[in-house]
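Remarks on the structure that follows.
The values are calculated or read from the model by the stated rules, or taken from the named source; none is laboratory data. From a predicted model like this one, the values you see are computed outputs, not experimental measurements. Ideal geometry is used to build each Cβ from the backbone, glycine not excepted, and the neighbour counts take in all protein chains shown.
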Amino acid sequence: MFKKGWRIKGNVQGVGFRYFVHKKAKALLLKGYVKNLPDGSVEVCAYGEKTAIEKLEKELSIGPPAAAVFSVVSFDPSSKLEEMDDFEIQY
């Protein structure tokens, strides 16, 4: 199992980005979360099979039709994603 986090910048709030990520992550059987950040970016942290993580990462650079993704920066998440039961949208 593998875990990874990303910060997505661009026009990614108010365009259905969190719901897009939630749908993709659930389909890939990942655990984790997606949430808006105060600076206008979106944070995604996911845990699961490496191939599923890689597929989600590709989707993040595309986003939903109304989004305009400028950058996707990965980081090592510090949260204990392994303990999460599902993939959720955090508010």
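Inside segment 8-57, can you point out the residues that are in contact with a Ser or Thr (Cβ under 9 Å, 6 or more places away or on another chain), under 16 Å from residue 88 (Cα atoms) and not in a loop (DSSP other than H, G, I, E, B)? Residues satisfying the conditions are 32, 33, 45. Considering segment 58-91, the residues that are part of a helix (DSSP H, G or I), modelled with pLDDT of 95 or more and out of contact with any strand residue (DSSP E or B) (no Cβ under 7 Å at 6 or more places or on another chain) include one that is surrounded by the most Cβ atoms within 10 Å (Cβ to Cβ), namely 59.
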